[in-house]
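See structure below.
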Amino acid sequence: IQELLRVMRTIDDRIVHELNTTIPTASFVGKIDAGQTCKELYQSLTDAHTSRERIIKNCIAQTSSVVKTLREEREKAQDDVALLKQLRKEQTKLKLMQSELNVEEVVNDRSWKVLS
């Protein structure tokens, strides 16, 4: 998921470049509709943020479900070391995904500030 998010965050990473290529210089003012181009960039950014957040939240929900199931199984079989390892692995994955929501918030805020 981290690799997927890295690729999906390309638009945010390149926001300054996108703005520099979107806003026309004096020689191109009449040839490019800057307002429309900015609207398209805004929409692309909004779509990217929405899809990343949806993906992260879906992964959190799925992993939470797995953790819940493993906890229930762990209650029944407390001596199962393999089950404990799997539970801890899934809990670590869940924490990582939850931290991605915080990263997403920072990335989004930065992009919106630059766009503004």
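The values are calculated or read from the model by the stated rules, or taken from the named source; none is laboratory data. None of the values given here were measured: they were computed from a predicted structure. Glycine also receives a Cβ, built like all others from the backbone with ideal geometry; neighbour counts cover every protein chain displayed. Just the protein is used for accessible areas: all its heavy atoms, side chains included, with ligands, DNA and RNA removed. Shrake-Rupley method; radii C 1.70, N 1.55, O 1.52, S 1.80 Å.
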Residue in region 63-79 that is nearest to residue 3 (Cα to Cα), counting only those that are of a type in the set (S, T, N, Q) and loosely packed, with under 13 Cβ neighbours inside 10 Å: 65
- prompt: Where in region 10-77 are there helices (runs of 4 or more DSSP H), lying wholly inside it, with at least 3 residues that are modelled with pLDDT of 80 or more and under 12 Å from the mean Cα position of the chain (by Cα)?
  reply: 10-13, 34-76
- prompt: Taking region 81-116 only, how many residues are more than 24 Å from the chain's Cα centre (by Cα) and either modelled with pLDDT under 90 or among the aliphatic types (A, V, I, L, M) (or both)?
  reply: 5
- prompt: Does residue 99 qualify as being assigned to a helix (DSSP H, G or I), open to solvent by less than 40 Å² (accessible area, probe 1.4 Å) and under 23 Å from residue 113 (Cα atoms)?
  reply: no
